[in-house]
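The values are calculated or read from the model by the stated rules, or taken from the named source; none is laboratory data. Only a predicted model underlies this, so the values are computations on that prediction, with no experimental measurement involved. All Cβ positions, even for glycine, are placed from backbone atoms using ideal geometry, and neighbour counts span all protein chains on display.
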Amino acid sequence: MSTTLFAHHEFAFIAGVHRSGTSLVHELLRAHPEISGFKDTPAYMEDEGQFLQSVYPRGEVFGGPGRFAFSPDSHMTEEHPLTTRENAQTLFSQWSQYWDLRCPVLIEKSPPNIVRTRFLQALFPNTRFIVILRHPVAVAYATQKWSHTSILSIIDHTLTAYEQFLRDRPALRQSLLIHYEDFVLAPQKLLDEMLDFLGLPSIPLDRPVQQDVNARYFEQWQSDRRKFWKPVPRRLPKALEPRARALGYSLESLERVEPG
């Protein structure tokens, strides 16, 4: 893929899973005068670029929120048959209708980007990725009303998506990993870090960021595990806790832990 095709712009793709903070990060970055991101578009959900194009399958094709990463076909790399110069041009043309091309940095946010980073890098070589991780329990409770599946299944899905990104990350030239929990505790610091990653000067936050959003989901998790009819089993499947810990989270203590 030619690196001169989009030489006048830098691209940044925001990824995560649904309800992990991708929309908040997109909105805060979009406020920068040198960044253009989608706003007030006809996209089905939250100005997501996946709904403003016809080049690659949307996340709904693979099950949608809380499900998409389970499908092997959702994982797209530089080897995918859709990785062509023509598709890169088509995608840019479709998204350009909603970008201000006077801005040097163009951003796009769709949670399922987390399983197609290598594909997007192949289409747009001068690309950076900002990936947001959030505690799988919080993601599960926040997502359940959309996915209509079990809490444990959504936790499994969240871990599956994060694990796929970590396997793909060595192939990415420029990526930044942000934990939602760190971001809400120090939003200006993390916003500055993201802008520095994009090669841009700092701007002040344009809104307050709530710090304790995870708390109500953690309370629900603990309550559900105590209930007689056990919507969430007291004893979790053995594989889940070590998988969560490898990503810096605990399902038992609900704390952030050292990854590994």
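In this structure, does E86 turn out to be farther than 21 Å from D192 by Cα and in a loop (DSSP other than H, G, I, E, B)? Walk me through it before giving the result.
Values: farther than 21 Å from D192 by Cα: yes; in a loop (DSSP other than H, G, I, E, B): no.
Answer is no for this residue.
Return the residues of region 89-131 that are touching a Lys or Arg at 6+ places or on another chain (Cβ under 9 Å) and either among the aromatic types (F, W, Y) or in a helix (DSSP H, G or I) (or both); say none if nothing qualifies.
Y98, P111, P112, T117, Q121, L123, F129
Conditions (1) at negative phi; (2) of a type in the set (D, E, K, R); (3) over 16 Å from the mean Cα position of the chain (by Cα), marked per residue:
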site: L166; (1), (2), (3): yes, no, no
site: F183; (1), (2), (3): yes, no, no
site: L200; (1), (2), (3): yes, no, yes
site: Q211; (1), (2), (3): yes, no, yes
site: N214; (1), (2), (3): yes, no, yes
site: P237; (1), (2), (3): yes, no, yes
site: E252; (1), (2), (3): yes, yes, yes
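When you look at P201, is it more than 21 Å from E163 (Cα to Cα), surrounded by fewer than 12 Cβ atoms within 10 Å (Cβ to Cβ) and either modelled with pLDDT of 95 or more or of a type in the set (S, T, N, Q) (or both), yes or no? Write out each step before concluding.
On the way: more than 21 Å from E163 (Cα to Cα): yes; surrounded by fewer than 12 Cβ atoms within 10 Å (Cβ to Cβ): yes; either modelled with pLDDT of 95 or more or of a type in the set (S, T, N, Q) (or both): yes.
Taking the combined requirement at face value, the residue satisfies it.
Looking only at region 84-104, count how many residues are surrounded by fewer than 20 Cβ atoms within 10 Å (Cβ to Cβ) and under 26 Å from L166 (Cα atoms).
Here the count works out to 1.
Do you know which residues across region 216-236 are out of contact with any Asp or Glu (no Cβ under 8 Å at 6 or more places or on another chain), farther than 13 Å from P136 by Cα and either at pLDDT 95 or above or exposed (fewer than 13 other Cβ atoms within 10 Å of the Cβ) (or both)?
Filtering region 216-236 down to residues out of contact with any Asp or Glu (no Cβ under 8 Å at 6 or more places or on another chain) leaves 216-229, 233-235.
Filter once more, so that each one left must be farther than 13 Å from P136 by Cα: 216, 219-220, 222-229, 233-235.
Within region 216-236, R216, E219, Q222, S223, R226, K227, F228, W229, P233, R234, R235 meet the criteria.
Quick one: E46 ticks every box in (1) in a loop (DSSP other than H, G, I, E, B); (2) buried (at least 19 other Cβ atoms within 10 Å of the Cβ) except a single one, so which number is it?
Only one criterion in (1) in a loop (DSSP other than H, G, I, E, B); (2) buried (at least 19 other Cβ atoms within 10 Å of the Cβ) is unmet by E46, namely (2).
Any residue that is at pLDDT below 95, among the charged types (D, E, K, R) and outside any helix (DSSP H, G or I) - is there at least one of those in region 171-181? Lay out the reasoning, then the answer.
Looking only at region 171-181, we keep the residues that are at pLDDT below 95, and these are none.
Within region 171-181, none of the residues are at pLDDT below 95, among the charged types (D, E, K, R) and outside any helix (DSSP H, G or I).
Report yes if some residue within region 245-253 is free of Cβ contacts under 8 Å to residues at least 12 places away in the same chain and either of a type in the set (D, E, K, R) or within 22 Å of E27 (Cβ to Cβ) (or both); otherwise report no.
No: zero hits.
Residue check: is S23 assigned to a helix (DSSP H, G or I) and not aliphatic (A, V, I, L, M)? Steps first, answer last, please.
Values: assigned to a helix (DSSP H, G or I): yes; not aliphatic (A, V, I, L, M): yes.
So S23 passes the test.
Within region 204-215, can you find the residues that are buried (at least 16 other Cβ atoms within 10 Å of the Cβ) and part of a loop (DSSP other than H, G, I, E, B)?
V209 - this is the single residue of region 204-215 that is buried (at least 16 other Cβ atoms within 10 Å of the Cβ) and part of a loop (DSSP other than H, G, I, E, B).
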